[in-house]
Amino acid sequence: MKLRIAVGVISAIAVALVIGIPTGIIETLWYTRMTPVLWWNYPVWVTSSALTGALIATYVRQPATMGRSTQGGKTFVGSMLSLFAVGCPICNKLVVMALGVSGALTWFAPAQPFLAAGSLGLLAYALRARRRSALACRVPVQEPVS
């Protein structure tokens, strides 16, 4: 149990850095955000990092049980949606390439709260599904009979 908590906390911090540094939520010398960080970016960033850390912690095996190993990529997709949701709309080269700068501000920026909601919903669903399957499908590991 302690190992799972440690893995979850370390993973949440790592995800927070992976999302926070390139999106400019964490100010660094490497990157300057061109639009201000909005008030809702911080709770989405923290919540998605915590949910992803908790999800990663569920993949740490307990020695006495076995369970399902994946959730079909929901963790990765949910975390990537968080990255797009809290990022600077005109700093994202993919968005600017697809929509242009004015399209990024006119169309993508207003859609970011919906991306955030989808991201958090997907991460919460994946965590709930992982917990439910881990509790319902515990299979004791037995020593091989010689």
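The values are calculated or read from the model by the stated rules, or taken from the named source; none is laboratory data. What you are looking at is a predicted structure, and each value in this text was computed from that prediction instead of being measured. When we count neighbours, we look across all protein chains shown, and the Cβ atoms used for this are built from the backbone with ideal geometry, even at glycine. All accessible areas refer to the heavy atoms of the entire protein, side chains included, with ligands and DNA or RNA removed. Shrake-Rupley method; radii C 1.70, N 1.55, O 1.52, S 1.80 Å.
All of Gly103, Gly67, Gly78 fail the test of being at pLDDT below 95, open to solvent by less than 80 Å² (accessible area, probe 1.4 Å) and either among the acidic types (Asp, Glu) or more than 30 Å from Met1 (Cβ to Cβ) (or both), apart from Gly103. Of the set (1) within 25 Å of Trp39 (Cβ to Cβ); (2) in a helix (DSSP H, G or I); (3) at pLDDT below 90, all apply to Cys88 but (2).
Taking the stretch 1-56 as the search range and keeping residues that are in a helix (DSSP H, G or I) and among the basic types (Lys, Arg), which one is farthest from Gly73 (Cα to Cα)?
Lys2
Residues in the stretch 10-30 that are of a type in the set (Ser, Thr, Tyr) and surrounded by fewer than 14 Cβ atoms within 10 Å (Cβ to Cβ): Thr28 alone.
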